[in-house]
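Each value in this text was obtained by applying a stated rule to the coordinates, not by laboratory testing. Just so we're clear, the structure is a prediction, and the values are computed from it rather than from any experiment. Positions of Cβ are backbone-derived with ideal geometry, glycine not excepted, and every protein chain shown enters the neighbour counts.
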Amino acid sequence: MKLNEMINAIQTIKKGRMVKVHYITIKGDYSKETKTTIRFCNYGKISGVQVKGKPNPNEQTIIKDILVYNTNTKNYYLIMKTINTNHKAKVKYFYKGQEIDKATFDSANPSKPNQQPLITFKKNINDIISLG
């Protein structure tokens, strides 16, 4: 999405509400399309949640807790929070535009094991297909 489209989409969403997002992750000739549900909120203000890590000094806040600009990469990033629901993310895997299965994708792109469950992640707005 372009910056103007992203800002317009964000302005229609209330913080704390569940939002559908569709994004793509590209790794060389392989890509992964994901459709999932996320939230925009400040998890640090929820009781029982401990904020870990330090803020990135290269990031400038555009929309608090939602959109940042990184001066090193010169890119805008959407900050998304995962949620626990019964609905699983719908993921499709591709190799050079042809759909493949997850095992083939994972063998070519091994993932790093996570020590803790992923709560917050950032995605370049150029990788966002739709929001809302």
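The convex hull defined by the C-alpha atoms of the chain has an orientation-averaged projected area of 9.3 nm². In a simple Cβ point-charge model (Lys, Arg +1; Asp, Glu -1; nothing else charged), the chain has a dipole of about 440 debye relative to its Cα centre. What is the list of residues in region 20-38 whose amide nitrogen lies under 20 Å from a point 7 angstrom out from the Cα of THR120, following Cα to Cβ? 20-21, 37-38, by backbone N distance to the label point.
Taking each DSSP H run with n ≥ 4 as -39500 (n - 2.57) and averaging over every residue of the chain yields -3000 deg cm²/dmol at 222 nm.
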